[in-house]
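As structure tokens, the structure follows; a few thoughts come after it.
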């Protein structure tokens with residue numbers, strides 16, 4: 001009998017009455033693992049305040065032109081795609097815990113290279129390394145957390161992955177308000193260093209230990225997490241629609257978008273967007289295990305359809321007649337009436353805030369949670385690696401080519417296209433996404449296997 005057999009694992013990982021085990025160290029372990037997504041969020045959010053700072057960098061410091069700025073924002077997603085492949089291999093070979101420990105090295109090294117950067121290539125190299133760490137963390141953290149949680153809180157703890165991501169983005173926005181790009185990179189070394197310190201004292205997941213024929217270690221891990229060797233009844237599609245909604249194009253360039261839309265304080269506007277994302281992600285985490293995954297995904301998708309449609313309408317209404325100039329600014333609205341332009345500017349702000357709120361309650365946290373829930377142990381590393389690779393490749397395409405897309409379709413067409421993809425996400429949820437609320441990982445696996 002293999003350790004993956006349900007008859008082998010269920011006696012170890014079962015609490016017959018379904019109640020929560022008495023231990024609370026699982027929350028500490030989940031927090032330690034979630035520092036990886038916090039680091040990942042900071043790396044994603046770093047480009048928004050850093051790009052304007054690097055554009056006006058004085059003296060011999062590296063400066064970014066439009067092309068370099070585009071690569072600076074997008075190259076992190078290429079690193080993350082590679083990190084997804086690496087992470088899929090690592091979580092199966094080295095384990096969930098060691099994968100999280102190892103990803104701290106490229107996080108710290110990448111930000112250190114950015115801090116010491118003397119040219120654009122060092123900036124891009126540092127971003128590529130932090131992206132590699134993002135890919136590993138975005139895969140390993142959800143898997144680790146889902147495998148140590150019991151059904152009643154798995155949605156809450158799993159949603160904390162995305163909550164920490166948006167907290168990391170908000171931290172980058174807030175810090176970027178007062179720090180220039182070098183010191184901002186120094187701050188980026190703090191979360192992964194703290195994760196390295198805490199994760200050293202956390203156990204490997206019991207499920208992974210069982211697959212390695214380490215039953216005694218698995219029992220010790222449960223003892224640490226729950227204060228008892230008796231756990232809960234748990235032994236043991238991808239998130240690509242996230243990116244086609246256009247969310248990364250908005251989040252990577254939030255401050256630039258506000259600047260080019262002529263808002264007086266673009267840094268403050270970006271911070272407000274970050275706060276909204278944190279608040280609504282927290283709401284999603286609190287209601288996840290009651291409302292269920294499918295309902296939140298559906299509501300999220302509908303809100304995103306309306307907000308991206310409204311954003312496209314804003315650009316359509318503010319589009320002026322093309323001039324004889326060879327350069328057409330795709331972002332800056334043209335309006336004959338300043339007051340009308342101001343009113344429409346609020347439509348843009350409202351649409352962006354509504355989009356962020358809608359994304360945060362569903363399509364932000366839930367795909368990462370579902371990814372860690374629906375795959376059985378023997379394929380979890382490879383399958384989640386494919387999901388993460390697809391996610392980050394889509395993120396790269398959207399982030400890098402969003403400006404080109406707007407040149408072809410015009411800004412309103414680009415956002416209406418995003419609205420169409422959001423519509424597809426609603427249909428996909430209604431017809432394809434299973435509800436996993438309150439189910440053990442074994443029950444979910446059995447459902448897909450027809451048992």
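The numbers here are math on the coordinates, done by the rules we state, and not lab data. Note that the coordinates shown come from a computational prediction; the quantities given were computed from them, not determined experimentally. Don't worry about glycine lacking a Cβ; one is built from the backbone with ideal geometry, like all the others, and counts go over all protein chains shown.
The label point for residue 417 and the one for residue 118, both projected 7 Å from the Cα toward the Cβ, are 4.1 nm apart. Segment residue 449..residue 430, full-extension length gain: 4.8 nm, with 0.36 nm per residue of separation and the alpha-carbon distance subtracted.
Label segment 360-402 by shape, choosing from rounded, prolate and oblate, from the square roots a ≥ b ≥ c of the eigenvalues of the Cα gyration tensor; if a/c is under 1.5 it is rounded, and otherwise prolate applies when a/b is larger than b/c, oblate when it is not. Oblate shape, in that a/c is at least 1.5 and b/c is the bigger or equal ratio.
Sorted fewest first by neighbouring Cβ atoms within 10 angstrom, 35, 128 come out as 128, 35. A straight line joining the Cα centroids of segment 362-421 and segment 103-162 runs 17 Å. Taking packing as the residue-averaged number of other Cβ atoms within 10 angstrom, the listed peptides 432-444, 274-286, 44-56 run from highest to lowest as 44-56, 274-286, 432-444.
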